[in-house]
Every structure is written in C-alpha cells, then in structure tokens.
Amino acid sequence: MNQLLARAVMRRLIAGGGASRYVSSLSASSTVVVKAPALRWLDEPAMTMTAFCCRWESRRMMSSTTTAAAEKDKDKKQGGDVKEKEGSGELEVSSYWGIMRPQITREDGSSWPWNCFMPWETYRADVSIDLTKHHVPKTFMDKFAFRTVKLLRIPTDIFFQRRYGCRAMMLETVAAVPGMVGGMLLHLRSLRKFEHSGGWIKALLDEAENERMHLMTMVELVKPKWYERLLVLVVQGVFFNCFFVLYMCSSKLAHRIVGYLEEEAIHSYTEFLNDINSGKIENIPAPAIAIDYWRLPKDARLKDVITVIRADEAHHRDVNHFASDIRFQGKELKEASAPIGYH
C-alpha cells in the first residue's frame, strides 16, 4: 500500500504538480514511509511522506527565487532600470552605461528645469546693435537675392497679414534651416579635405540652434492651428531642399539671401513691437523658457522677448552678409575668423 501511494506521489511531482494536496489528505497519526535511494539529495534511506513533500517544496521555491533574481539582474544590466522618484510622478532612469544628468541649479539654487539647453548656453542679448544696417545690392547676384526675398514676403503678408505671432512662428521654422544646412555641408567638406573650418561650422550650427530656440519660445506664445502645422511641413520640406542645392552651387548667394531674410525678420519684429506698444497686442508675461534662455528679469513681458529676438536676428544678418562678402572676395570662409558667440 505504502509503495503504491509513494509511486503515485512521485509521478505527480515529476509531472509538475504540488504535493500539498497529498499531504493534507494524510492522517496526522499515520506515517507513510518512502524509500527513495535513487534521489541524490535524500540523506536517509527512508523518510516520512510529510518530510519528503516539505523538502521538495522548499527546494522548488528556492530554485524559483534564484532564477527570478538572476533574470532581474540581467534585465538591469542590459536595458537599465526605471523607477519613480519618491513624492513625485517623475521617472528617474538609471542607465547601465553610466549616462546620468548631473544636478544642475540656477544662480538662486533652484533646480534647472530644461533639458534642451544648459545654464552655460544662456546669454544676455546685445540690444544696442544697429537695426538699420542694410546691404545695398550692387552686383547682379546681390540684386537677385534681394528681389527673391521681396517676392517671398508677398505670400507671407497675404496669408498672415498682421498676425505677427503666427508670422514669427512660421518665420523661425524657415530661419533655422540655413545655419543647419551650411554647417552640415562645411562639416562634410572638412571631413573630405582633412582641413579646419575656421570655426564656421560651430558658428552656423549655433545660429541654427538660436533660431530653433526662437521657435520654441514662439510656440509657448502662439498655439499653431492644424493648417499652420501642415503649412510648416510643406514650406520646410521645399525650403530645405532648395537651399541645400543653392548652397552647393553658390554659398555666397545662399548667405546673401539669408542676410536679406534676416533684414525682413528685423522689420517684422519691429512691426510686432509697434502693435504691442499701441495696445493692439497684449503685453503678456514672458514664457519661462525665454526668461532662462536670455537671462531676462523674472517680471519680463512679451515686449522684452520680442526685443531680444529682434537683436538676435540683427546679429544673424551681420554674420551672413559677412560670410557672403568673404566668398565674393574669392576667399574661403576658413580664411576669416568665424564670429563664434556673436550674439
């Protein structure tokens, strides 16, 4: 009888079933002996059924726990661990590769809230720059660039009219393209010819990043509608490819066009400020991103933001006209010092 019962229990255990149901069915007063000399982990030649089942369950639980812990450690090593910070809903990512953002604070000791730029990348705009400068077109190429920009302004005036917030948003989606294209092509040229760029790669990429920050600021002020977003996709796709081809063919013409575009941007932002001063546009508080990026006062208003953006556009005007003048003189950009950090 005992041998039959022992065989039934062994079959069940080998099939993966638990032994607790068999133990519970046994009477407390009865003792069943199981002879299992074939099991290496049994020290005694014979043991009770209760002890046999308890030891089996204990070893199975220990094996499961060890396996789960090993898998957890493996996942941490391969993909990192994501956990929630105490007292907040933010997620803190700890990476196996050791890439973690250091603790960055403002001057007042508060935590730095932005990931898109750091405190050492902020600056105070030079608003004293001459806004009236204009490159008088003399050569055929200059006149072609000037007329092209004037023609491009016509559909913009018709579509946006005096909605300068939307106009500025659209303008910045285009203005951030030339610096990226120029910097990218100069970067590839530097790699092909094993030569330095004279700092112009960084100067043009900094210009593109600055224009992108203008856009990030305008998006906080103006919420684009669905058809404006669609227009941005179309304009950006067309303008990027056209400017890419133009820069490959004639970088001096490309920079001259950008210089005239920046002159038009100065004019548009001046009209924007006039409407703010006249009360047609409400002088709302400045977005937090603008206060930190341009180091504006805590009580800065929209007027202050437009003023520093206009100053940035004036600096970009000077940089691109300067680059075009270098190329018109038959020189390479690397032969002249790049205006790095020119704000």
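The table for this structure:
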{"read-out": "Tabulated pairs, region 324-343, first over 27 Å from V308 (Cα atoms) and among the basic types (K, R), second open to solvent by 60 Å² or more (accessible area, probe 1.4 Å) and in a helix (DSSP H, G or I), C-beta under 7 angstrom, 6+ apart or interchain", "value": "R327/K252"}
{"read-out": "Residues (of a type in the set (S, T, N, Q) and in contact with a His (Cβ under 8 Å, 6 or more places away or on another chain)) located in region 309-335", "value": "N320, S324"}
{"read-out": "Residue, farthest from the chain's Cα centre (by Cα), within region 248-278, restricted to residues that are free of Cβ contacts under 8 Å to residues at least 40 places away in the same chain and open to solvent by 60 Å² or more (accessible area, probe 1.4 Å)", "value": "S278"}
{"read-out": "Extreme residue, farthest from H214 (Cα to Cα), among residues of region 98-116 that are over 18 Å from the mean Cα position of the chain (by Cα) and surrounded by 10 or more Cβ atoms within 10 Å (Cβ to Cβ)", "value": "T105"}
{"read-out": "Single residue of I276, I257, I281 found to be in a helix (DSSP H, G or I), at pLDDT below 95 and of a type in the set (A, V, I, L, M)", "value": "I276"}
{"read-out": "Residue match in region 167-178 (condition: of a type in the set (S, T, Y) and assigned to a helix (DSSP H, G or I))", "value": "yes"}
{"read-out": "Scope region 153-185; condition crowded, with 16+ Cβ neighbours inside 10 Å, of a type in the set (V, I, T) and modelled with pLDDT under 85; matching residues", "value": "T156"}
{"read-out": "Residues within region 279-293 that are over 28 Å from the mean Cα position of the chain (by Cα) and under 30 Å from S111 (Cβ atoms), tallied", "value": "1"}
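So that you can scan it fast, the table gives a plain yes or no per residue for (1) open to solvent by less than 80 Å² (accessible area, probe 1.4 Å); (2) in a helix (DSSP H, G or I); (3) of a type in the set (K, R); (4) within 16 Å of H255 (Cβ to Cβ):
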| residue | (1), (2), (3), (4) |
| --- | --- |
| H187 | no, yes, no, no |
| H196 | no, no, no, no |
| L204 | yes, yes, no, yes |
| M213 | yes, yes, no, no |
| T217 | yes, yes, no, no |
| E220 | no, yes, no, no |
| E228 | yes, yes, no, no |
| L231 | yes, yes, no, no |
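The values are calculated or read from the model by the stated rules, or taken from the named source; none is laboratory data. Small disclaimer: the values here were computed from a predicted structure and weren't measured. Reconstructed Cβ throughout: ideal geometry from the backbone, glycine too, with neighbour counts over all protein chains shown. The accessibility values were calculated without ligands, DNA or RNA, using every heavy atom of the protein model including side chains. Shrake-Rupley method; radii C 1.70, N 1.55, O 1.52, S 1.80 Å.
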